[in-house]
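Notes follow the structure.
The values are calculated or read from the model by the stated rules, or taken from the named source; none is laboratory data. Source: prediction; values computed, not measured. Note that we place each Cβ from the backbone using ideal geometry, even for glycine, and neighbour counts take in every protein chain shown.
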Amino acid sequence: MSSVDSQRRVVSGMRPTGSVHIGHYHGVLKNWVKLQHEYECFFFVADWHALTTGFENTENINNHTWDMVIDWLAAGVNPGSANLFIQSRVPEQAELHLLLSMITPISWLERSPAFKEFTEHNSDRERTTYGMLGYPLLQSADVLAYRAGLVPVGADQAPHIELAREIARRFNHMYGSELDFEANAEAAARKLGKKASKLYHQLRFAYNSHGDLDALQTAQALVREQSKMTLGDKERLLGYLEGDSVTILPEPQAVLSGLASRMPGLDGRKMSNTYQNIIPLRAEPGYVEKQIRVMPTDPSRIRLQDPGEPERCPVWQFHQIYSNAEEQSNVAQNCRNASWGCLECKQRVSDAIIAEQAPIRERGKQYEDDLDIIHSIIADGTEKARDAARATLEEVRDAMRLAYR
Ligand code: TRP
Ligand code: SF4
């Protein structure tokens with residue numbers, strides 16, 4: 001049964017497929033930085049995941065990987081708080097992926113939106129690999145190997161975390177049965193004390209007899225707040241609420257950023273290395289200015305005196321992220337009244353981006369020429385990550401009767 005407090009653990013990964021850009025920053029990295037102080041965090045370079053699309057051209061993975069780690073540190077990720085490592089250095093994640101692949105119906109993977117989208121745009125069946133189909137399962141294994149409760153990701157990744165939840169549930173149901181489970185759970189319930197134990201049983205009954213979800217949540221909170229109880233007993237009580245098995249792999253939850261919509265790219269499509277429409281996280285100010293200056297705007301604004309409509313302009317999408325409410329209404333008004341030119345409007349966006357990036361660029365400089373430090377940060381993080389993943393796999397093998405003792 002799970003011997004870690006999953007509610008305190010966070011895991012997330014990023015693929016080394018190109019530059020870290022401001023879309024990563026607003027969508028994910030800021031959340032990493034925020035969570036690292038309050039949780040035990042595991043952040044990794046998802047190099048295996050990069051292979052799903054880049055298996056033919058692997059020559060850049062190495063450089064992208066080290067640059068990515070520098071970008072994280074520049075963004076404020078603190079290796080003193082978070083464990084930073086490379087996915088492929090933790091073979092336990094691959095082992096868990098393999099074990100989970102045995103219990104994962106192909107149909108669960110085929111219905112993944114990312115897989116559907118990929119196959120729609122790639123008629124070449126040779127590129128639709130086994131690894132591509134298994135992408136979300138590998139991601140599930142990444143998360144479950146650490147028994148993390150929280151996973152900060154971009155909104156497009158939420159279905160993958162949902163899959164991780166389903167896989168965890170299936171695994172626990174299949175392998176989480178314990179001899180004398182019911183007796184052990186009842187013994188644990190007695191340790192709650194008379195009053196709380198009675199409440200626990202009432203709530204459990206309410207959930208099991210008529211599916212009262214509020215009762216389930218109240219009971220879960222009741223169990224979680226027990227400070228003197230062992231994690232094992234807590235897991236028994238949590239498992240007993242819903243069925244007859246213990247939780248070996250806790251169900252994780254996605255943590256999404258406040259970013260209302262996806263970060264737009266320079267061309268108005270989603271910002272992505274694939275579309276080459278990105279602003280790198282540590283771009284030079286002159287470069288940012290130039291890229292914004294040549295961005296397309298509302299096509300009906302040809303001359304200065306033509307009124308524009310912000311909703312038809314990708315620059316407006318940047319204002320929605322970088323400008324406060326007052327500035328936004330200012331922008332919309334000046335655009336619709338044709339009272340300023342697009343260059344003026346764009347300047348404000350570049351200024352805001354450049355200002356946000358200044359401290360990030362500065363911090364990055366310290367690391368750029370010191371790969372030794374980066375290597376040692378990764379070595380330390382890998383060690384911690386392996387310890388955690390190894391502990392999970394021992395319990396997983398045990399549960400599956402593959403311990404051979
Ligand atoms: N698929 C994620 C992305 O493209 C990267 C990733 C791989 C990940 N494994 C993960 C994210 C585990 C969170 C947890 O952004
Ligand atoms: Fe876009 Fe600003 Fe020009 Fe309006 S004024 S079209 S929002 S760049």
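For THR274, the conditions (1) part of a loop (DSSP other than H, G, I, E, B); (2) outside the structural domain of VAL349 (by TED's automatic domain parsing); (3) surrounded by fewer than 17 Cβ atoms within 10 Å (Cβ to Cβ) are fulfilled apart from (1).
Screening ALA389, ALA379 for residues that are within 16 Å of ligand 1 (Cβ to nearest atom) and assigned by TED's automatic domain parsing to the domain that holds VAL69 leaves exactly one candidate, ALA389.
When ASN62, ASN57 are screened for being modelled with pLDDT of 95 or more, more than 10 Å from ligand 1 (Cβ to nearest atom) and surrounded by fewer than 21 Cβ atoms within 10 Å (Cβ to Cβ), only ASN62 passes.
Is it the case that GLY13 is more than 19 Å from ALA141 (Cα to Cα) and buried (at least 20 other Cβ atoms within 10 Å of the Cβ)? Judged against the criteria, GLY13 is not a match.
Flag set for VAL77, criterion: within 22 Å of ALA283 (Cα to Cα) and either touching a strand residue (DSSP E or B) at 6+ places or on another chain (Cβ under 8 Å) or surrounded by fewer than 22 Cβ atoms within 10 Å (Cβ to Cβ) (or both). Scan the range 367-399 for residues that are in contact (Cβ under 8 Å) with a residue 24 or more places away in the chain and closer than 30 Å to GLY265 by Cα and the total you get is 3.
With respect to the stated conditions, ALA185 is in the same structural domain as ASP214 (by TED's automatic domain parsing) and on the phi < 0 side of the Ramachandran plot. The set of residues from the range 200-240 being under 29 Å from the mean Cα position of the chain (by Cα) and either of a type in the set (Asp, Glu) or more than 21 Å from ARG8 (Cα to Cα) (or both) comprises LEU213, ASP214, GLU225, GLU235.
Any chance the range 266-273 includes a residue that's polar (S, T, N, Q) and touching a residue at least 24 places away in the same chain (Cβ under 8 Å)? Checked against the condition, which is being polar (S, T, N, Q) and touching a residue at least 24 places away in the same chain (Cβ under 8 Å), the range 266-273 yields at least one hit.
Residues in the range 310-342 that are within 23 Å of LYS290 (Cβ to Cβ), touching a residue at least 24 places away in the same chain (Cβ under 8 Å) and more than 8 Å from ligand 2 (Cβ to nearest atom): GLN317, PHE318, GLN320, ILE321, TYR322, SER323.
Please find, among ARG303, ARG386, the residue that is surrounded by fewer than 14 Cβ atoms within 10 Å (Cβ to Cβ) and basic (Lys, Arg).
Result of the check over ARG303, ARG386: ARG303.
Restricting attention to the range 120-161, the residues being surrounded by fewer than 16 Cβ atoms within 10 Å (Cβ to Cβ), away from ligand 1 (no atom under 12 Å from the Cβ), part of a helix (DSSP H, G or I) and not acidic (Asp, Glu) number 5.
Could you go through the range 286-293 and let me know if any residue there is part of a loop (DSSP other than H, G, I, E, B), at negative phi and not assigned by TED's automatic domain parsing to the domain that holds ALA148.
No, that holds for no residue.
One residue alone among VAL294, VAL288 is away from ligand 1 (no atom under 16 Å from the Cβ) and modelled with pLDDT of 95 or more, and that residue is VAL288. In the range 67-95, the residues that are modelled with pLDDT of 95 or more form Cβ pairs under 7 Å with partners that are surrounded by 24 or more Cβ atoms within 10 Å (Cβ to Cβ) and among the acidic types (Asp, Glu), at six or more places apart or across chains, as follows: GLN87/ASP142; GLN93/ASP142. Return yes when SER140 is of a type in the set (Gly, Ala, Ser) and farther than 17 Å from PRO250 by Cα and no when it is not. Here the answer is no, as SER140 does not meet what is asked.
I'd like the residue in the range 330-382 that is assigned to a helix (DSSP H, G or I) and of a type in the set (Ser, Thr, Tyr) and, out of all such residues, is surrounded by the most Cβ atoms within 10 Å (Cβ to Cβ). Filtering the range 330-382 for residues that are assigned to a helix (DSSP H, G or I) and of a type in the set (Ser, Thr, Tyr), the one surrounded by the most Cβ atoms within 10 Å (Cβ to Cβ) comes out as SER350.
Taking the numbered list (1) more than 14 Å from the chain's Cα centre (by Cα); (2) part of a helix (DSSP H, G or I) in turn, THR104 passes all entries but (2). Considering the range 333-368 alone, what residues qualify as being out of contact with any helix residue (DSSP H, G or I) (no Cβ under 7 Å at 6 or more places or on another chain), of a type in the set (A, V, I, L, M, F, W, C) and within 15 Å of GLU284 (Cα to Cα)? Result: ALA355, ALA358.
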